[in-house]
Amino acid sequence: MELSMTFKNDKLVGDFWGGLAAMLVALPSAIAFGVTIYAAIGPAYAGLGALAGILGATALGLVAPALGGTNRLITAPCAPAAAVLSAFAIELVQAGTPAPSIVLMLTALGLVSGVVQLALGFMGIGSLIKYIPFPVVSGYLTGVGLIIIGSQIPKFLGTPGGTAWWRALISPELWQWESAVIGAVSAAVMVLAPLVTRVVPAAILGLLAGVLTYFGLAAMDESLLVVEGNKLIIGPLGGTASSMLHAITGRWQEIGELKLSQIGSLLGTALTLAVLLSIDTLKTAVVLDALTRSRHDSNRELVAQGLGNVASACAGGMPGAGQMGATLVNLASGGQTRVSGVVEGVLSLVAFLALGSFIAWIPVGALAGILMIVGFRMIDRHSLHLLESPWTVLDFIVIVAVVAVAVGYSLIAASGVGIALAMFLFIREQLSSTVIRRKMDGGTRFSKRVRLRQDMAVLEKQGYQSVILELQGGLFFGTKDQLYLALEPELGKRKYILLDMRRVQSVDVTAVHLLQQIRDSLIERDAFLIFSNLSHSLPNGRNIAEFFDQMELTTMTEHVKVFGELDDAVEWVEEQILGEGEGAGKLPDLPALELKDLDIFKGHKEETLIDLEAAMERRTLVKDEKVYSYGDPGNELYLIRKGALRITQPVGTEQGAHHLLTYGRGDFFGGMAFLSQMTRLNDATALEDTELYVLRREQFEVLREEHKRLACTLVEELAKVLAMRLRYADKELMAMQD
């Protein structure tokens, strides 16, 4: 009990220090993001933006960890949210929307995006979002980083509100050198601080350096010590409980002014924002899993993130996501459970109430410098390596396209381009991989039915009549031509075309239509289209056999055959060929063979086999009766007078047995174990009523002493047949390696 309490206390201590360190990283960024968004409305709204960032950090920190399932994950306002919301605010300003309405629209946008995240989580989309291709995600993040940098350049240089970044760069007369100096110092300290110490987060040191620089400049210019009308600082935001309550209630008293059509117009932007926030969160969760050897629940986390963003919007805060930087700081500082995330939210609220008046003096230039570093780090510079290989140049082009649309137009349009390019990448991948896994001539691939020598000679000679194609991957409109080019040369010269579907992952209507055309072409030549392994279900839940029946591909004609296994299909083709070939006609009630009529003794005089037949036992089996089982001694040789037997390999009580070979009338089996005197490694079962000659090992020993020539003849004939079987097995293996 005492050890348990100590363990829990250790966790709580770690969660407190981890939450404290995470707050020190997340809160300055949250303030900076909030200022970025609301300053786009006008300089007077910078303080409200800082308040929105703090309220967002508080609400997200309290709600998302409490309901989510990922330990140590820190949820706070983030760069993608700042990019989307600031762009949205700028569009509304350019459209002439009144400032109070813009504030309400920003709140409504956060609320709707949270609801969308809830829907994504409940619908199970969380498990799919993480499969968005890397080039698309890379383009998103790089675009967001560039947008953040562009939005901060005017603030960094201290130009008037509404100045475009490019105009700010080419208009030195608009610069405020104090703002540029403060921003440069903050950015430099944030970059260099990790080289000196990692105890205090770099963002905190950069922010403190900016504040100290500001007051250093104020010592030379007393006008900088005035809060009212000072455009270099955030300005008053009221760090009291009553001011927070007013910020929450006052906004919702005005929400009734929004029209339903205005809220409906938010859906496109809200969907983009929800997807970006979800990607940011799940990406962080995946990294956290790798570092802690844990596993997160994507859909539960999305539901928690959605509820957190709804709570943040209701409190007047900005939306956010699982933050990579704050999460890694939490982990490194001792955070153990979800409590560390709640601690971060509580401490954000405490910091606001205790330091509200101090926050008013934070320089806008310092926040701009910090955010420019954040934006720069979001740019995926490693993607330049994709240019080094011709195989990845297209992926780089996808990244550039998403970035160009995001920066040149909007993140909403970039999301559409990203989805379209993701589909393009999928189709490209499908087209770059072949749907033909293996193509074999009928004379190189035989069934598990062991044939006599003359039958095998016929099958080799007539092998050109059939071809086997093992298909794989997706059969759809993108691979239709590839499939047709593989089949077209075979249509005019093959009577049997076998398509093995075991590795096929998807089939669409276009592919079925092509197969119907191939079927019709074969019917005109009195040829056959044969499918095997058709009845399995695809990953999308569709059953291929049912789909083909629905499309009438495998019905309405005797020229289409369907078999459960490829070997069954090959055996059927062999029987058709042998039925037309010489010396291989098969009748249903053939008489039992005498010893002299067995294949291995053809050509031997009958009188030379009298002593051998006398040494053998005649045995009769009924259908499904075992001849021997796995582990039995190999002390008997079996020659089949009539019927057939199946050789199987046991693979466990649940899986049943694996079919190895089938032996028929006139053949023998059990020769390997008989000659090597080893135990049986398989089972032998009668497929039908069967009659055997059985030579026991002790009888063979007697025969070897009394009739050495006869015993040598028997061993020689057995060796010839076994060598022939090995030859054909080698031939099949060679064909399968092509």
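A few notes on this one:
- Number of the condition not met by residue 487 [criteria: (1) outside any strand (DSSP E or B); (2) buried (at least 18 other Cβ atoms within 10 Å of the Cβ); (3) touching a residue at least 40 places away in the same chain (Cβ under 8 Å)]: (3)
- Within the range 708-723, considering residues that are surrounded by 14 or more Cβ atoms within 10 Å (Cβ to Cβ) and of a type outside the set (Val, Ile, Thr), the one nearest to the chain's Cα centre (by Cα): 722
- Exactly one residue among 282, 307 is among the hydrophobic types (A, V, I, L, M, F, W, C), within 20 Å of residue 56 (Cα to Cα), modelled with pLDDT of 80 or more and within 23 Å of the chain's Cα centre (by Cα), and that residue is 282.
- Residue match in the range 39-62 (condition: closer than 25 Å to residue 289 by Cα, surrounded by 24 or more Cβ atoms within 10 Å (Cβ to Cβ) and at pLDDT below 85): no
- The sole residue among 97, 75 that is in the same structural domain as residue 334 (by TED's automatic domain parsing), farther than 20 Å from residue 281 by Cβ and among the polar types (S, T, N, Q) is 97.
- Conditions (1) closer than 30 Å to residue 214 by Cβ; (2) more than 29 Å from the chain's Cα centre (by Cα): number failed by residue 104: (1)
Yes/no per residue for (1) touching a strand residue (DSSP E or B) at 6+ places or on another chain (Cβ under 7 Å); (2) in a helix (DSSP H, G or I):
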{"site": "11", "(1), (2)": "no, yes"}
{"site": "24", "(1), (2)": "no, yes"}
{"site": "37", "(1), (2)": "no, yes"}
{"site": "51", "(1), (2)": "no, yes"}
{"site": "55", "(1), (2)": "no, yes"}
{"site": "58", "(1), (2)": "no, yes"}
{"site": "65", "(1), (2)": "yes, yes"}
{"site": "72", "(1), (2)": "no, no"}
{"site": "90", "(1), (2)": "no, yes"}
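- Residue that is modelled with pLDDT of 85 or more, more than 47 Å from the chain's Cα centre (by Cα) and more than 22 Å from residue 325 (Cα to Cα), where the choices are 232, 169, 225, 217: 217
- Considering residues of the range 465-475 that are of a type in the set (A, V, I, L, M, F, W, C) and in contact with a helix residue (DSSP H, G or I) (Cβ under 6 Å, 6 or more places away or on another chain) only, the residue modelled with the lowest pLDDT: 475
- Some residue of the range 430-444 being under 30 Å from residue 272 (Cα atoms), part of a helix (DSSP H, G or I) and either in contact with a Leu (Cβ under 7 Å, 6 or more places away or on another chain) or not small (Gly, Ala, Ser) (or both): yes
- Check on residue 90, within 19 Å of residue 345 (Cα to Cα) and of a type in the set (A, V, I, L, M, F, W, C): no
- Taken over the range 597-642, residues that are within 51 Å of the chain's Cα centre (by Cα) and either aromatic (Phe, Trp, Tyr) or at positive phi (or both) amount to 4.
- Restricting the range 422-438 to residues that are modelled with pLDDT of 80 or more and among the aliphatic types (A, V, I, L, M), the residue that is surrounded by the most Cβ atoms within 10 Å (Cβ to Cβ): 435
- When restricted to residues that are assigned to a loop (DSSP other than H, G, I, E, B) and of a type in the set (Val, Ile, Thr), the range 536-579 contains 3.
The values are calculated or read from the model by the stated rules, or taken from the named source; none is laboratory data. Keep in mind that this is a model prediction, so the values were computed, not measured. Don't worry about glycine lacking a Cβ; one is built from the backbone with ideal geometry, like all the others, and counts go over all protein chains shown.
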